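Here's the structure, in structure tokens; my notes come after.
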Amino acid sequence: MTTWHPIDHRAAVASETTKFTAVLKGADLATPVPTCPDWTLVDLVKHTGSVQRWFSALLHARIQAPPQSREVELRLPTSTDAYLGWLDESATVAADAFAATDPNLPMWAWGADQHARFWARRMLFETLLHRADAELALGLRPAIDRALAVDGIDEFLVNLPFATFFAPKVANLRGTGETIRFRTTDGNADWLVSLRPDGFGIDQSGATADTTADATVQATAADLLLLLYGRRHHNTEAVEHEGDQDLLSRWFANSAF
């Protein structure tokens, strides 16, 4: 059974942004980011702040259909030195959008949850993962709150089936009922994913933690989150796995975004 504490995604966007800018203070923003090939730290900051401002515009517009344009006022800095302050301002833009929008308001979203809260949750994990990218680029070990990591794993697995429009390899994740269990070693969080002819998803049929899976992957919640996002390899020491290795290889070759 998967259980975790409710997360205030809107507040967590602010705190994760603060952590992000703190990590980068004094760093050379031209530093390459190995987990985001061809990006430097300044690209990471620009992307994260742009996502925050873009999602905020969607919230203010209360969109009810896929947006026809990605045009949004980014107010990009004219100098690299100003990017950290700009990222802090992006979180303020997001906070204003959150304050003006009921999280339970019905809205279009590309994932499973068709409410405004989808965008706050998605913004949080965009920010958190890219903060981790920055730490990895600087040789630091990302410190991720366990409750956030568990929520992030769930958010990833729930929404991944809908991600084919920007992660086309996800369409390869079909099968004939093969199952993969993802389990945290620092708590009782557990997900059983089934691959079906028409796609895949979390098994909601009442499967328990004792249900046999064709393959099992387990790690701390933080490492499991990084693994699912392609920031860790499943053959690293931080990750335990057993069962059908070809199935696991197929999953990890097609699931990261």
For this session: Provide the net charge surrounding residue 58, with neighbours chosen by a C-beta distance below 11 Å and charges set as Lys +1, Arg +1, Asp -1, Glu -1.
Result: +4
Seminar exercise, completed: Counting only protein heavy atoms and leaving out ligands, DNA and RNA, the solvent-accessible surface of residue 117 at a 1.4 Å probe, in Å² to the nearest 10, equals 90
Exercise. Normalised by the number of residues in the range 1-113, what is the relative contact order in percent for Cα pairs under 8 Å and 6+ residues apart?
Worked result: 33
Seminar exercise, completed: About its Cα centre, the range 9-143 carries a charge dipole, from +1 on Lys and Arg Cβ atoms and -1 on Asp and Glu Cβ atoms, whose size in debye to the nearest 20 is 320
Problem set entry | Listed residues 202, 180 arranged by accessible area, highest first, probe 1.4 Å | 202, 180
Seminar exercise, completed: Per-residue accessible area, 1.4 Å probe, largest first, puts 151, 28 in the order 28, 151
Exercise. So how much slack lies between residue 147 and residue 81, counting 0.36 nm per residue of separation and subtracting their Cα-Cα distance, in nm?
Worked result: 20.4 nm
Seminar exercise, completed: On each of the three principal axes the extent of the alpha-carbon atoms of the range 9-143, given in whole Å and largest first, is 41, 31, 25
Exercise. In cubic angstrom, how much convex hull volume per residue do the alpha carbon atoms of the range 181-257 span?
Worked result: 96
Exercise. Roughly what % antiparallel, to the nearest 5, for the DSSP beta bridges in the chain?
Worked result: 75
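Viscosity 0.692 mPa s, temperature 37 °C: what is the translational diffusion coefficient of the chain from Stokes-Einstein with a Kirkwood Rh over Cα pairs, rounded to a whole number of µm²/s?
172
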For this session: Return the single residue from 15, 79, 194 with maximal mean-square fluctuation; model: Gaussian network over the chain, springs between Cα atoms under 10 Å.
Result: 79
Exercise. Restricting the count to DSSP beta bridges whose residues both fall in the range 99-233, what percent are antiparallel, rounded to a multiple of 5?
Worked result: 70
Problem set entry | Nearest-0.05 FRET efficiency for residue 166 and residue 238, computed from C-beta distance (R0 25 Å) | 0.35
For this session: Specify which residue in the list 195, 54, 153 is farthest towards the positive end of the charge dipole of the chain, using unit charges on the beta carbon of Lys, Arg (+1) and Asp, Glu (-1), about the Cα centre.
Result: 54
Exercise. Once you list every other residue whose beta carbon is under 11 Å from the beta carbon of residue 133, what net charge do they have if Lys and Arg are +1 and Asp and Glu are -1?
Worked result: -1
For this session: Treating cross-link reach as a plain straight distance, find the lysines whose alpha-carbon is under 18 Å from the alpha-carbon of residue 46, omitting any fewer than eight places away in the same chain.
Result: 19, 25
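The values are calculated or read from the model by the stated rules, or taken from the named source; none is laboratory data. This is a predicted model, so every value here is computed, not measured. Cβ sites come from the backbone with ideal geometry, for glycine too, and all protein chains shown count toward neighbours. All accessible areas refer to the heavy atoms of the entire protein, side chains included, with ligands and DNA or RNA removed. Shrake-Rupley method; radii C 1.70, N 1.55, O 1.52, S 1.80 Å.
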